[in-house]
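First the structure, in the form of structure tokens, and then the observations on it.
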Amino acid sequence: MPISLPPVTRNLLIANVVVFLLQQVMPGLLDWLALWPLGSGLFEPWQIVTNGFMHGGIAHIAFNMLALYMFGGQIERLFGARHYTIYYFICLVVASLLQLVVLRWFAHDFQTPTIGASGAIFGLLLAFGMMYPHEKVYFMLLPIPMPAWLFVILYGGLELFSGVFGWMPGVAHFAHLGGMLGGWLLIQYWRGRFPIKPRRRLLR
């Protein structure tokens with residue numbers, strides 16, 4: 001776990017905490033900044049990003065910010081500030097888009113807003129598992145050390161199972177999976193694995 005944080009991760013932590021504090025005194029922010037489903041009448045395009053800075057309670061923001069603290073700094077140092085920022089927001093945007101698709105065409109939910117940085121956080125978790133596959137981490141339901149690649153697979157599988165079978169309702173499981181998907185696609189692009197190549201390969 002890092003002792004000091006590089007600038008982008010530190011600023012993301014500060015921004016999330018500031019917005020959470022503003023929520024406590026300005027509850028109307030939910031209508032403007034949360035991700036409302038398509039067809040709800042409250043959806044606005046900027047919510048695809050702004051929902052990732054809002055949280056539903058102390059436990060929600062504490063869990064997400066702890067994960068950002070644990071994984072974000074290491075990934076930022078590896079990617080560099082510019083590419084880390086791109087990566088974080090790509091994960092957030094893909095998470096939001098997948099959540100919109102699921103709510104609109106599969107769950108048929110037009111009234112439940114989505115909030116939280118979890119989509120981007122799951123993207124960071126995916127990056128950690130891909131970049132440091134043999135680092136030891138702990139799975140919350142099984143407190144024994146395991147390699148990061150296995151941790152990511154188990155956590156992703158749990159999210160897929162929960163989303164498909166409705167386990168832990170009220171949690172945006174498909175947003176989490178969307179964050180992982182966005183991260184995987186971007187890393188594969190940076191590695192030159194797609195027909196459209198980056199200007200230079202950024203990752204091993």
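The values are calculated or read from the model by the stated rules, or taken from the named source; none is laboratory data. Since this is a predicted model, take the numbers as computed values, not measurements. Because the Cβ atoms are built from the backbone with ideal geometry, glycine has one as well, and the counts that use them run over all protein chains shown. Ligands, DNA and RNA are stripped out before the accessible areas are found, and what is left, the full protein with its side chains, is counted by its heavy atoms. Shrake-Rupley method; radii C 1.70, N 1.55, O 1.52, S 1.80 Å.
Here are the numbers:
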| item | result |
| --- | --- |
| Gyration tensor over alpha-carbon atoms, segment 6-75, equivalent ellipsoid semi-axes in Å | 24, 14, 10 |
| Where only alpha carbons of the chain are counted, the Rg and the Dmax (Å) | 16.6, 49 |
| Listed residues 82, 191, 199 arranged by accessible area, highest first, probe 1.4 Å | 199, 82, 191 |
| Vicinal HN-Hα couplings computed from phi for segment 113-119 (Karplus, 6.51 cos²θ - 1.76 cosθ + 1.60; Hz; Gly/Pro x) | x, 10, 9, x, 7, 4, x |
| Helix 58-67 vs. the chain, principal-axis angle (Cα, 0 to 90°, nearest 10) | 20 |
| Exposed chymotrypsin sites (Phe, Trp or Tyr not before Pro) absent: longest stretch of the chain, with sites in DSSP loops and at most 16 other Cβ within 10 Å deemed exposed | 47-109 |
| Helix axis angle, 81-101 relative to the chain longest principal axis, alpha carbon, degrees | 40 |
| FRET efficiency for residue 153 and residue 83, using Cβ-Cβ distance with R0 set to 25 Å, rounded to 0.05 | 0.55 |
| Residue-averaged [θ]222 nm for the chain, counting only DSSP H segments that reach four residues, each worth -39500 (n - 2.57) | -18000 deg cm²/dmol |
| Where only alpha carbons of segment 106-189 are counted, the Rg and the Dmax (Å) | 13.6, 42 |
| For residue 137, residues with placed amide H under 5 Å, excluding near neighbours | 146, 148 |
| Length gained when the stretch residue 69-residue 131 is fully extended (0.36 nm per residue, less Cα-Cα span) | 20.6 nm |
| Extended-chain gain in nm, criterion 0.36 nm per residue less alpha-carbon gap, residue 188 and residue 110 | 24.7 nm |
| More than 17 Å apart - percent of Cα-Cα pairs taken over segment 112-161 | 37 |
| Span per principal axis, largest first, for the Cα atoms of segment 26-109 (Å) | 41, 26, 21 |
